Amino acid sequence: MTSVLVRDLSLNFGLIEVLKKLNIEVAEGEFIVLLGPSGCGKSTLLNCIAGLLDVSAGQIFINGKNVTWEEPKDRGIGMVFQSYALYPQMTVEGNLSFGLKNARLPRDEIAKRVARAAEILQIEPLLQRKPAALSGGQRQRVAIGRALVRDVDVFLFDEPLSNLDAKLRSELRVEIKRLHQRLANTMIYVTHDQIEAMTLADRIAIMSGGEIQQFDSPQAIYNRPVNRFVAGFVGSPGMNFLEGALEGAGTPSFRAGDIVVPLARYGFDNGAAPKDRVVLGIRPEHIFHGAAASSQPFSKEIEIEIVEPMGSDTLVWSKLGSHNLSFRVDSEKPLKVGDRVPVGFDPARASLFDGSSGNRL
Amino acid sequence: MSNPGTLAITIAGADAIADRLEGPHGPKPRIAFSRRNIFIYGVLGVAALYYLLPLYVMIVTSLKGMPEIRLGNVFAPPLEITFEPWVKAWATACTGLNCDGLSRGFWNSVRITVPSVIVSIAIASVNGYALANWRFKGANIFFTILIVGAFIPYQVMIYPIVIVLRNIGLYGTLYGLIIVHSIFGMPILTLLFRNYFTSLPEELFKAARVDGAGFWGIYFKIMMPMSLPIFVVAMILQVTGIWNDFLFGIVYTKPDTYPMTVQLNNIVNSVQGVKEYNVNMAATLLTGLVPLIVYFVSGKLFVRGIAAGAVKG
């Protein structure tokens with residue numbers, strides 16, 4: 001069953017189009033992540049779904065009900081904000097029960113719901129404290145609790161972990177995932193952190209310039225990005241891009257200067273017509289080096305220019321033709337600047353984009 | 001560390017570390033009587049003296065009897081301390097027809113100031129809240145008009161307001177003056193509150209909306225409890241402004257309802273008889289006491305409120 005449905009949603013601030021005819025359909029119990037760079041409209045979209053911003057055109061349905069003109073409180077949503085947005089003058093209990101008191105729920109029902117949320121989030125010992133006396137992680141738990149007590153079907157998260165340090169972030173990330181498994185609510189989660197997006201999402205919507213570029217499973221977005229923007233945005237370290245031409249209709253190949261990559265194993269979306277300008281993208285983790293390289297359909301010897309050790313692995317920079325090329329190697333491998341090693345990859349794992357439109361071929 | 005000398009010192013012990021560090025080390029020594037310090041403290045001292053001297057003269061004179069004042073030693077401390085001038089200024093000094101001192105004006109001023117402060121702050125804070133958080137249609141035009149209002153000189157509006165008050169039958173009453181003070185406090189106070197509420201995190205407002213609080217719910221339960229400093233700032237501005245007001249007081253009231261400042265002027269400028277400098281000084285100090293107490297009591301909050309309004313947190 002559809003939980004949240006966004007239809008042809010547009011939003012303009014004056015002459016600026018912030019959202020352009022967006023369409024999203026979210027199934028019940030799905031975890032959706034809106035991912036994109038700053039200013040792509042992902043938080044704006046979330047605010048529209050929450051009812052905190054009036055839309056310029058289009059419709060929003062939540063649980064089959066048209067809520068386009070409804071107040072936030074009547075939409076059946078709970079929201080968690082980046083800055084926690086806890087009411088500083090109220091205790092944790094006051095924060096959790098504020099919405100329920102506004103809804104004029106009976107007192108014992110309020111107590112029951114607060115107790116349940118506190119139990120789920122393990123914040124029972126903190127109930128009588130003020131937000132100022134809580135750590136960042138605790139505050140964010142209370143903020144999640146405030147959405148929890150509302151007993152709603154849809155949770156909206158607006159970059160909830162961005163204010164936390166790296167360690168806490170990864171802890172709370174796991175906790176949010178656990179929470180989703182336990183509650184099985186629909187969750188829409190805005191972030192600019194692709195690790196959060198990849199780990200949490202059932203499906204990711206990659207946004208840019210007020211439009212959804214790709215709305216698919218994390219694996220599909222990682223392995224088969226629909227355009228160059230998605231390919232470059234997802235993955236860290238970023239994908240290598242080689243500019244060249246697509247040749248030969250029978251057995252197609254990619255040519256950039258004296259580098260020729262056979263594309264017989266590449267899965268074209270709609271056939272391989274020769275093109276003057278195309279871009280070949282290959283992820284650093286899909287490039288082999290040394291003995292393993294020679295067994296790949298494409299391989300070439302390169303000279304190492306920069307070595308960046310990152311702990312678990314090492315990123316090596318070199319040049320392929322005139323293009324920078326980075327690849328990941330095991331940290332144990334003793335590669336030095338100036339070494340010449342063969343590298344190779346399988347074009348089946350690469351992505352080929354049209355040079356002008358940027359779309360996947 | 002292959003240098004045998006260095007090695008020997010390292011072995012000699014950690015307590016000898018200070019000896020090992022040649023040249024400047026540790027905290028930089030400060031010279032108490034440097035040229036810079038003498039200049040700074042000298043200027044500060046002179047400025048303080050310059051400001052405090054008149055106050056000193058006033059206090060000293062108000063505690064002297066008239067014979068002592070006639071000696072002409074303005075700066076000399078009183079030989080014989082007397083509180084009679086203070087009593088006279090408060091209770092029996094003559095202003096025009098009444099001879100009951102400043103007490104009448106004091107209570108008039110209280111009756112003017114308290115309601116004016118409450119009404120103007122209540123309205124301006126809601127104005128500021130609406131302008132900051134509920135971006136209604138025409139909000140910017142409304143705000144611009146209000147700001148322009150803050151720059152129009154009061155004198156321009158005196159006569160029109162006299163006519164308006166006369167036509168609604170409030171001319172010469174305390175209510176009329178209260179209305180005038182409340183209206184004239186509006187632009188600056190609204191600006192103050194709007195800027196403060198804008199500086200509060202917007203997400204709090206959004207969270208409260210998701211939690212189902214309405215316009216007044218958010219104002220009373222979320223915004224107001226967070227805004228004590230700015231309410232104190234507004235209160236200080238209004239209390240001192242209205243208490244010290246002379247122009248509106250003299251234009252819109254009658255002798256029976258004159259505020260304290262107008263009465264003070266009448267005492268000091270009365271032409272018949274001897275100039276009683278000690279009574280004048282005491283009367284002036286009495287009139288200035290209220291703003292002074294307000295500053296002393298709420299000084300810390302005042303600074304906090306001003307800082308919070310200026311710096312976005």
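Evaluate the following for B:A89: is it of a type in the set (G, A, S), modelled with pLDDT of 85 or more and over 25 Å from B:A213 (Cβ atoms)? Walk me through it before giving the result.
On the way: of a type in the set (G, A, S): yes; modelled with pLDDT of 85 or more: yes; over 25 Å from B:A213 (Cβ atoms): yes.
It is true that B:A89 is of a type in the set (G, A, S), modelled with pLDDT of 85 or more and over 25 Å from B:A213 (Cβ atoms).
Which numbered condition in (1) within 14 Å of chain B (Cβ to nearest Cβ); (2) in contact with a helix residue (DSSP H, G or I) (Cβ under 9 Å, 6 or more places away or on another chain); (3) free of Cβ contacts under 8 Å to residues at least 12 places away in the same chain is the only one that A:D158 fails?
Of everything listed in (1) within 14 Å of chain B (Cβ to nearest Cβ); (2) in contact with a helix residue (DSSP H, G or I) (Cβ under 9 Å, 6 or more places away or on another chain); (3) free of Cβ contacts under 8 Å to residues at least 12 places away in the same chain, A:D158 misses just condition (3).
Test A:N63 against the stated conditions and say whether it is in contact with an Asp or Glu (Cβ under 8 Å, 6 or more places away or on another chain) and more than 14 Å from every other protein chain (Cβ to nearest Cβ).
On the way: in contact with an Asp or Glu (Cβ under 8 Å, 6 or more places away or on another chain): yes; more than 14 Å from every other protein chain (Cβ to nearest Cβ): yes.
The answer is yes for A:N63.
Looking only at the stretch B:220-247, filter to residues that are among the aromatic types (F, W, Y) and surrounded by fewer than 20 Cβ atoms within 10 Å (Cβ to Cβ); which one of those is farthest from the other protein chains (Cβ to nearest Cβ)?
B:F246
Return the residues of the stretch A:66-93 that are at the interface with chain B (Cβ under 10 Å from one of its Cβ atoms), out of contact with any Asp or Glu (no Cβ under 6 Å at 6 or more places or on another chain) and surrounded by 17 or more Cβ atoms within 10 Å (Cβ to Cβ); say none if nothing qualifies.
We begin by selecting, within the stretch A:66-93, every residue at the interface with chain B (Cβ under 10 Å from one of its Cβ atoms); these are A:71-75, A:77-90.
Narrowing the set further to residues that are out of contact with any Asp or Glu (no Cβ under 6 Å at 6 or more places or on another chain) leaves A:71-75, A:77-80, A:84, A:86-90.
Passing the criteria: A:P72, A:K73, A:R75, A:I77, A:G78, A:M79, A:V80, A:Y84, A:L86, A:Y87, A:M90.
Take the conditions surrounded by 13 or more Cβ atoms within 10 Å (Cβ to Cβ) and in contact with a Leu (Cβ under 7 Å, 6 or more places away or on another chain) and apply them to B:I112. Does it pass? Walk me through how you get there before you give the answer.
Working: surrounded by 13 or more Cβ atoms within 10 Å (Cβ to Cβ): yes; in contact with a Leu (Cβ under 7 Å, 6 or more places away or on another chain): yes.
Yes, satisfied.
Does A:L96 count as within 14 Å of another protein chain (Cβ to nearest Cβ), surrounded by 15 or more Cβ atoms within 10 Å (Cβ to Cβ) and in a loop (DSSP other than H, G, I, E, B)?
Against the criterion (within 14 Å of another protein chain (Cβ to nearest Cβ), surrounded by 15 or more Cβ atoms within 10 Å (Cβ to Cβ) and in a loop (DSSP other than H, G, I, E, B)), A:L96 does not qualify.
Among residues belonging to the stretch A:324-361 that are of a type in the set (D, E) and in a loop (DSSP other than H, G, I, E, B), point out the one that is nearest to A:E243 (Cα to Cα). So that I can check it myself, show each step before the final result.
To start, the set of residues in the stretch A:324-361 that are of a type in the set (D, E) comprises A:330, A:332, A:339, A:346, A:354.
Right, trim to in a loop (DSSP other than H, G, I, E, B) and you get A:332, A:339, A:346.
Numbers: A:E332: 32, A:D339: 25, A:D346: 17 Å.
Selected residue: A:D346.
What strands (runs of 3 or more DSSP E) lie completely within the stretch A:145-243 and have 1 or more residues being closer than 22 Å to A:G355 by Cα? Before the answer, list the steps.
Working: elements: A:154-158, A:186-191, A:203-208, A:211-216.
The strands (runs of 3 or more DSSP E) meeting that bar are A:203-208, A:211-216.
Can you name every residue in the stretch A:133-144 that is assigned to a helix (DSSP H, G or I), among the small types (G, A, S) and away from every other protein chain (no Cβ under 12 Å)? Quick ask: steps written out before the conclusion?
If we filter the stretch A:133-144 for residues that are assigned to a helix (DSSP H, G or I), which is where we start, we get A:133, A:136-144.
Checking which are among the small types (G, A, S) leaves us with A:133, A:136-137, A:143.
Correct list: A:A133, A:G136, A:G137.
Out of all the residues in the stretch A:99-113, which are of a type in the set (A, V, I, L, M, F, W, C), within 9 Å of chain B (Cβ to nearest Cβ) and crowded, with 16+ Cβ neighbours inside 10 Å? Reasoning before the result, please.
Here is the first cut: in the stretch A:99-113, the residues of a type in the set (A, V, I, L, M, F, W, C) are A:100, A:103, A:105, A:110-111.
Retained after the next criterion (residues that are within 9 Å of chain B (Cβ to nearest Cβ)): A:100, A:103.
Hit for the stretch A:99-113 is A:L100, nothing else.
Check whether at least one residue in the stretch B:126-138 is among the small types (G, A, S), more than 14 Å from chain A (Cβ to nearest Cβ), touching a residue at least 40 places away in the same chain (Cβ under 8 Å) and under 29 Å from B:Y258 (Cβ atoms), and report yes or no.
no
Report yes if some residue within the stretch A:272-293 is in contact with a helix residue (DSSP H, G or I) (Cβ under 7 Å, 6 or more places away or on another chain), within 29 Å of A:D193 (Cα to Cα) and in a helix (DSSP H, G or I); otherwise report no.
yes
Regarding B:M260, is this residue under 24 Å from the mean Cα position of the chain (by Cα), within 14 Å of chain A (Cβ to nearest Cβ) and at pLDDT 90 or above? Let's see the steps before the verdict.
Details: under 24 Å from the mean Cα position of the chain (by Cα): yes; within 14 Å of chain A (Cβ to nearest Cβ): no; at pLDDT 90 or above: yes.
When the stated conditions are applied, B:M260 does not pass them.
Of these, B:I163, B:I158, B:I179, B:I222, which one is in contact (Cβ under 8 Å) with a residue 40 or more places away in the chain and either part of a helix (DSSP H, G or I) or not assigned by TED's automatic domain parsing to the domain that holds B:N108 (or both)?
Working: B:I163 fails: in contact (Cβ under 8 Å) with a residue 40 or more places away in the chain; B:I179 fails: in contact (Cβ under 8 Å) with a residue 40 or more places away in the chain; B:I222 fails: in contact (Cβ under 8 Å) with a residue 40 or more places away in the chain.
When all the criteria are applied, what remains is B:I158.
The values are calculated or read from the model by the stated rules, or taken from the named source; none is laboratory data. Everything numeric here is computed off the predicted structure, so don't read it as measured data. Methodologically, a virtual Cβ is constructed for each residue, glycine included, from the backbone with ideal geometry; neighbour enumeration extends over all protein chains shown.
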